[in-house]
1. Being closer than 18 Å to GLU168 by Cα, open to solvent by less than 30 Å² (accessible area, probe 1.4 Å) and part of a loop (DSSP other than H, G, I, E, B) is true for just one of VAL43, VAL35. Which residue is that?
2. Among the residues of segment 170-183, what is the count of those that are open to solvent by 70 Å² or more (accessible area, probe 1.4 Å), part of a loop (DSSP other than H, G, I, E, B) and under 21 Å from HIS97 (Cβ atoms)?
3. Which members of segment 101-121 meet the condition of being touching a Leu at 6+ places or on another chain (Cβ under 7 Å) and assigned to a helix (DSSP H, G or I)?
4. Of the conditions (1) out of contact with any helix residue (DSSP H, G or I) (no Cβ under 9 Å at 6 or more places or on another chain); (2) open to solvent by less than 10 Å² (accessible area, probe 1.4 Å), GLN132 fails just one. Which one is it?
5. From (1) charged (D, E, K, R); (2) assigned to a helix (DSSP H, G or I); (3) under 19 Å from THR174 (Cα atoms), pick out the condition that doesn't hold for ASP76.
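The values are calculated or read from the model by the stated rules, or taken from the named source; none is laboratory data. For clarity, every value in this text was computed on a predicted model and none was experimentally measured. Using ideal geometry, Cβ is built from the backbone for each residue, glycine included, and neighbour counts are taken over all protein chains shown. What goes into the accessible areas is simple: the full protein's heavy atoms, side chains included, and nothing from ligands, DNA or RNA. Shrake-Rupley method; radii C 1.70, N 1.55, O 1.52, S 1.80 Å.
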Amino acid sequence: MRKISLIAVLTLIVVLLASCGGEAVTSSYADSLEVINTIWSNVGEADKFPVGGGDSANLNMEGPGKFDHTNKDELDVTLALPAALADKIDDAASMMHMMNANQLTAGAYRLVEGTDAESFANDYKANLDGRQWMCGFPEKFVVIGSGNYVVTAFGNAQNIDVFKAAAENLENVTILLEGAIEA
């Protein structure tokens, strides 16, 4: 009888421990566009510059825009998101500096349930390093987690630092990766 009671108690402990850590962290944002608009609205007026966003089909010349998350080629070419990660997102938005995308290019992505944000960040970083750049070389990148969203950005160091500081006001924010871009 004692053996059965001990087994029952241990089983209950395992179930309780599993349920504590098993819930995914989400956020209240409606979509990726709201995430990137929230970051941009947190940038001070002295640090703002003209930005556009979206993809070729959803171009917005006045701020961040929706991005077709199924267009793997455009995700890679424009946002440096590897094609393999397109299947791990179900929504996307972008913004970039209107004069030179290498000054700041950012993407926001809603992760498909079960996608590991840290692995996502590492795959993005691997794709970013060693790229061929036109019109200058971006110096720095950052990958930010916010619940079930990941935000990526690359550009010059000052713009990335400003972007990161503005993103730190997001819900459940975590800096997943940050550093210099390797040539």
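1. Matching residue, one of VAL43, VAL35: VAL43.
2. Qualifying residue count, segment 170-183: 1.
3. Scanning segment 101-121 gives ALA117, GLU118, PHE120, ALA121.
4. (2)
5. Condition not satisfied by ASP76: (3).
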